[in-house]
Amino acid sequence: SIFLERLFKKVDLISIKNNFNDRFYKKFLGKKINKITIRDENSKMTIKNRFVNHYRGERLYQINYNDSQTLSTLGNSRLISYLKKSVKQYDKIIIFDFGHGIINSDTLRFINKNSQSFLINCQSNSSNFGFNIASKYKSGHTICMDEMEFRLCVRDNQNSIKLLIKENLKFINKFKYFIITMGKEGCFIINNKKIFFIPTIYKSIKDTTGSGDIFFSMFAYLITSSKLGISEIAFLSHVSGGLHSINEGNVSTHNLKDIFRVFENLIK
């Protein structure tokens, strides 16, 4: 959300309000971010503690607290009510679906009914691996996932991604933009039945934590706010994710000027 704040003039963030969560909003959210609060005492923010080898910088293991952020019946009702009331106020709404329980069957049903309003990043991670599958979204403006998340969708961990794309175009073409990120290799983007592959420029990285989120944030900004082509947008999104990955941890320190400075240096 801090990186989105640097891109857009105004960011509205739907947040689950309770005493536990409020401490983290106060510490990490920027002043320009407008919190839309949904009161729910039960849904506490997931805290991920990663243990790192200080000498080598490698991540050893991770302990999560509050893995399930499932809303109470009242909290869920408040969320659905707000979405119904506000969805038409926005040109597009960005969803980061980390699979911790806030997007339940009721919310998913609403999103699928209003699919063209949403840009979705659906993730499988250590807490929900194999359960938070992007195929639960039936259509939409944009959906983004990494290679393994796509393989989970199509239930194939053997064949090449390019072959799997061609075999699953019926599902893929339900989205205006379908993105499969492949780490340091680059990404596939399918748009209007055309398949694009855009390589990344960063081969040496320090920490990939959050890089996919930064990539998607940049893509969402450019696809909704610029007239650039798919290749240019994906390239700049790679630059943004790469700038994030050369630092340790999940703190994004760069902005648009840094991204375009890298771009200018590359084309000289």
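The values are calculated or read from the model by the stated rules, or taken from the named source; none is laboratory data. Predicted model, so just to flag it, every value in this text is computed and none were measured. We place every Cβ from the backbone using ideal geometry, glycine too, and count neighbours over all the protein chains shown. Note: areas computed on protein heavy atoms with side chains; ligands, DNA, RNA excluded. Shrake-Rupley method; radii C 1.70, N 1.55, O 1.52, S 1.80 Å.
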First in region 238-250 and over 13 Å from Asp213 (Cβ atoms), second anywhere and buried (at least 21 other Cβ atoms within 10 Å of the Cβ) and of a type in the set (Ser, Thr, Tyr), Cβ under 7 Å, 6 or more apart: His238/Thr200; Gly242/Thr200
Assuming Ile103 fulfils every condition listed in (1) touching a residue at least 40 places away in the same chain (Cβ under 8 Å); (2) open to solvent by 20 Å² or more (accessible area, probe 1.4 Å); (3) among the aliphatic types (A, V, I, L, M) apart from one, which condition is it? (1)
I'd like the full set of residues that are under 17 Å from the mean Cα position of the chain (by Cα), surrounded by fewer than 21 Cβ atoms within 10 Å (Cβ to Cβ) and β-branched (Val, Ile, Thr), limited to region 234-251. Val251
State yes or no: is Ser81 within 24 Å of Ser117 (Cβ to Cβ) and either small (Gly, Ala, Ser) or under 22 Å from the mean Cα position of the chain (by Cα) (or both)? yes
Sole exception among (1) at pLDDT 95 or above; (2) in a helix (DSSP H, G or I) for Ser231, by number: (1)
For region 46-65, which residues satisfy the criterion of being farther than 14 Å from Thr209 by Cα and either free of Cβ contacts under 8 Å to residues at least 24 places away in the same chain or exposed (fewer than 10 other Cβ atoms within 10 Å of the Cβ) (or both)? Ile47, Asn53, His54, Tyr55, Arg56, Ile63, Tyr65
